[in-house]
Every structure is written in structure tokens, then in C-alpha cells.
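Structure first, then comments.
The values are calculated or read from the model by the stated rules, or taken from the named source; none is laboratory data. Quick caveat, the model's predicted, so the values are computed rather than measured. Note that we place each Cβ from the backbone using ideal geometry, even for glycine, and neighbour counts take in every protein chain shown. Ligands, DNA and RNA are excluded from the accessible area calculation, which covers all protein heavy atoms including side chains. Shrake-Rupley method; radii C 1.70, N 1.55, O 1.52, S 1.80 Å.
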Amino acid sequence: ASGNGNIGKILNGEPRWQSSGGKIGGALLFDGKGDWVNVANESKFDCTAEVTVAAWIKVNRFDKDWQAIVTKGDSAWRLQRYQGADSIEFACSGLKIPSDSPYGGLYGEKSVNDGQWHHVAGVYDSEKMVLYVDGKEDVSQPASGPIGNNDKPVYIGENAEMTGRLWSGLIDDVRVYNCALGRAEIEALYNEGK
């Protein structure tokens with residue numbers, strides 16, 4: 001459900017709704033074998049100047065590189081597992097970053113692969129990228145320029161442009177903002193689910 005009409009629809013598989021045990025009420029359980037949610041109105045998510053992407057996650061299995069939490073393909077923005085690591089990546093393709101990678105990746109350091117709930121959030125404010133874990137800054141880097149734009153749908157638990165990156169675990173309270181939330185606002189989101 002979405003207060004702005006950007007309703008998610010289960011596209012494939014059967015992610016199971018857990019009516020209790022989520023961080024904000026219930027949560028969706030993804031089996032990592034073919035479950036994902038397609039969010040309506042993809043063009044509303046063409047955030048090129050600033051973006052904040054946040055969610056509560058609980059990993060069951062990290063068994064694929066780049067497992068998707070919430071993504072707008074691979075050529076715009078995404079919040080996902082950092083390759084084969086136990087941490088998260090926030091990426092915005094097209095940004096100018098210190099490594100000069102066209103994928104605009106910011107690689108987390110804090111492990112989230114412990115079977116516990118974690119709040120993860122990526123923020124781009126036109127000057128820097130910041131990745132937060134559990135309300136605290138994990139990593140950051142300078143960044144500038146527009147985020148890449150595409151016509152791919154926003155998926156929860158999968159990546160429409162690089163398929164097969166299926167999430168295995170729970171996802172709750174996904175939020176995408178077309179602005180950069182500040183440190184205090186990210187901490188407030190985390191505290192809502194504590």
C-alpha cells in the first residue's frame with residue numbers, strides 16, 4: 001500500500017504476508033526463488049537530483065550476488081546486497097564518484113547477515129551519498145551529477161534490469177523519497193521500528 005497511489009503488486013511467486021513479526025506491523029517474506037513486488041507508476045520514481053531509499057530487512061540467506069531489496073533497474077538507483085559480501089550497497093548509476101565507476105556504488109561495511117532486523121537507507125543529496133544502517137551512518141562518499149533515468153519498474157525483492165537477484169528474507173516499510181532525508185530524519189525512521 002502507498003499513501004501516494006504507488007501501490008505494489010505481487011508479480012511473481014507468492015511472497016508470504018507475515019501479519020505479525022514485522023517491524024511496522026506485518027512484513028513480506030520472500031523465498032529467494034521467484035518472489036517480487038512490482039510498484040506502480042515507475043515514472044514517479046525517476047529521481048535524478050536527489051533520492052532516499054529505505055527499508056527494514058531481515059536476511060534469511062545471502063546466496064546470490066547483488067540480491068535486491070528495492071531497485072529501479074540497474075541503470076538508475078538501487079538498494080541491494082553488496083556483491084557477495086554480508087553488507088549492503090546503495091548505488092545510483094550515472095553519478096560522478098571518487099572511483100569513477102559508472103555504476104555509482106557506495107559499499108557498506110556493517111554486516112546485516114545475522115538473522116536480525118536491520119534498517120537500511122541510502123541517501124543522495126547532489127553532493128554526497130550516504131548509507132545508513134540502523135539509524136547510523138555506515139559509509140559515505142562525495143558524489144555529484146544526475147542519477148541515471150530509465151523506464152524500468154520499481155521492484156521490491158528483484159531487479160527488473162538484471163533479473164535473478166532475488167531476495168531471501170523479510171522486507172518491511174519500504175520508502176522512496178524524491179528528496180534527501182537528513183541524518184535526524186533517518187534516525188527517526190529507524191526509531192519508529194525499534
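Which residues, taken from region 130-139, are closer than 17 Å to Leu95 by Cα and surrounded by fewer than 24 Cβ atoms within 10 Å (Cβ to Cβ)?
Selection gives Val130, Val139.
Just for region 23-50: of the residues that are of a type in the set (Gly, Ala, Ser) and in contact with a strand residue (DSSP E or B) (Cβ under 9 Å, 6 or more places away or on another chain), which one is farthest from Val130 (Cα to Cα)?
Checking each candidate, the answer is Gly34.
Please go through region 103-117 and give me each residue that is farther than 19 Å from Cys179 by Cα and either at pLDDT below 95 or surrounded by 20 or more Cβ atoms within 10 Å (Cβ to Cβ) (or both), ordered by number.
Start the filter on region 103-117 by keeping residues that are farther than 19 Å from Cys179 by Cα, which leaves 103, 107-117.
Gly108, Val112, Trp117, listed by residue number.
Pick from region 22-49 the residues that are of a type in the set (A, V, I, L, M, F, W, C) and more than 16 Å from the chain's Cα centre (by Cα): which of them is least open to solvent (accessible area, probe 1.4 Å)? If you could, list the steps in order and put the result at the bottom.
So in region 22-49, the residues of a type in the set (A, V, I, L, M, F, W, C) come out as 24, 27-30, 36-37, 39-40, 45, 47, 49.
Right, trim to more than 16 Å from the chain's Cα centre (by Cα) and you get 24, 40, 49.
Details: Ile24: 68, Ala40: 38, Ala49: 63 Å².
Within region 22-49, the match that is least open to solvent (accessible area, probe 1.4 Å) is Ala40.
Select from region 167-194 the residues that are among the charged types (D, E, K, R) and open to solvent by 20 Å² or more (accessible area, probe 1.4 Å) and write down the one among them that is nearest to Cys47 (Cα to Cα).
For region 167-194, the residue satisfying everything is Arg175.
Which one is nearest to Lys128 (Cα to Cα) among residues in region 51-86 that are in a loop (DSSP other than H, G, I, E, B) and polar (S, T, N, Q)?
In this case the residue turns out to be Ser75.
Which residue out of Gly164, Gly148, Gly122 is open to solvent by less than 10 Å² (accessible area, probe 1.4 Å) and touching a residue at least 60 places away in the same chain (Cβ under 8 Å)?
Every option except Gly122 fails the conditions.
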